[in-house]
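Trainee: This is the structure, below, for whatever I ask next.
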Amino acid sequence: KVGGNAALADSTLVVTKPDARYVVKDSEPVLIADAVVGKFGTVRGEAGLLYTVVARYSAKQVDVDVVRANVKLLADDLYGGDTARLDAANAIENAFQHADAQASGRDRAVSQEFLDSAAKLQGETSVTALGASLDSFSGQIHASSQALTFQQSNAINRALSDRVDVLRHRSQQSGMWA
C-alpha cells in the first residue's frame with residue numbers, strides 16, 4: 001500500500017507463482033495507492049513455463065492474475081514437430097483440466113498427490129526440463145502399453161500351452177477352449 005500516488009513509469013514487475021500449490025487462476029493486489037499513474041513496462045513470472053502473469057490496472061490499484069497455461073498449446077509452440085511430446089502434453093492438459101475442476105471445488109476425482117505433482121510441473125523453469133518431463137511421461141505411456149502387450153502375450157501363451165498339455169495327456173483329440 002502506498003500513501004500517495006504511485007508512478008509506474010514502465011518499470012518491471014516480476015511475480016512469483018503463489019507457493020507450491022497448483023494454480024488454475026489466482027488474483028492478488030500488488031499495489032494500492034491514492035492514484036496509479038502509468039503502467040508497468042514488463043510484467044512477467046519469475047519462473048515457470050506453465051503459468052502466465054497478467055496485470056490489471058484501475059485508478060487506485062494494480063492486480064495480477066496468475067493463470068495456468070494450456071500445456072498442449074505451449075508444447076506446440078516449443079516442440080512443434082515432436083509428436084511424442086505433443087501427445088504427452090495433450091494427455092497432461094487433459095489431466096490438468098481435471099485438476100482445475102478439483103482445485104475449484106467442482107470435482108473430487110483428483111488426489112492431493114496429483115495436485116502436488118502438477119504444482120511442481122507448473123514451476124518448471126526451463127524448456128529443456130519441461131521437454132524432459134514430457135519425454136518421461138510419454139515414455140511411461142509407452143512402457144505401460146508395452147507391459148500390457150507382454151501380459152496379454154503371456155496370457156495367450158499360457159492358455160495355448162495349457163491346452164496343448166491337456167491334449168497331449170489325454171487320448172481325447174477334441175475339446176473346448178475356455
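The values are calculated or read from the model by the stated rules, or taken from the named source; none is laboratory data. Quick caveat: nothing in here was measured; it's all calculated off a predicted structure. Please note: Cβ atoms are built from the backbone with ideal geometry, for glycine as well, and neighbour counts cover all protein chains shown. For accessibility, only protein heavy atoms count, side chains too; no ligands or nucleic acids. Shrake-Rupley method; radii C 1.70, N 1.55, O 1.52, S 1.80 Å.
Trainee: Out of all the residues in the range 64-92, which are acidic (Asp, Glu) and either modelled with pLDDT of 95 or more or part of a helix (DSSP H, G or I) (or both)?
Mentor: Step one: filter the range 64-92 for residues acidic (Asp, Glu), giving 65, 76-77, 82, 87.
Once the filter is applied, which keeps residues that are acidic (Asp, Glu) and either modelled with pLDDT of 95 or more or part of a helix (DSSP H, G or I) (or both), the range 64-92 yields Asp76, Asp77, Asp87.
Trainee: Now a separate question. Any residue in the range 25-50 that's within 11 Å of Thr12 (Cα to Cα): show its pairings with residues that are exposed (fewer than 14 other Cβ atoms within 10 Å of the Cβ) and of a type in the set (Asp, Glu) at Cβ separation under 9 Å, as long as the two are six or more apart or on different chains.
Mentor: Lys39/Asp10; Phe40/Asp10; Gly41/Asp10; Thr42/Asp10
Trainee: For the structure I just gave you, tell me whether Arg85 is over 11 Å from the mean Cα position of the chain (by Cα) and under 16 Å from Ser133 (Cα atoms).
Mentor: Considered against the rule, which asks whether it is over 11 Å from the mean Cα position of the chain (by Cα) and under 16 Å from Ser133 (Cα atoms), Arg85 comes out as yes.
Trainee: Which residue pairs have Cβ atoms closer than 6 Å, lie 6 or more positions apart in sequence or on different chains, and pair a first residue in the range 99-120 that is more than 19 Å from Val71 (Cα to Cα) with a second residue that is not in a loop (DSSP other than H, G, I, E, B)?
Mentor: Cβ pairs passing all conditions: Asp107/Ala101.
Residue-by-condition table, conditions (1) in contact with a helix residue (DSSP H, G or I) (Cβ under 6 Å, 6 or more places away or on another chain); (2) closer than 21 Å to Val127 by Cα:
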site: Asp26; (1), (2): no, no
site: Asp34; (1), (2): no, no
site: Phe40; (1), (2): no, no
site: Gly48; (1), (2): yes, yes
site: Lys60; (1), (2): no, no
site: Val71; (1), (2): yes, yes
site: Asp76; (1), (2): no, yes
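Trainee: Out of the range 83-99, which residues are in contact with a helix residue (DSSP H, G or I) (Cβ under 8 Å, 6 or more places away or on another chain) and either open to solvent by 20 Å² or more (accessible area, probe 1.4 Å) or at positive phi (or both)?
Mentor: Across the range 83-99, the qualifying residues are Ala84, Arg85, Leu86, Asp87, Asn90, Ala91, Ala95.
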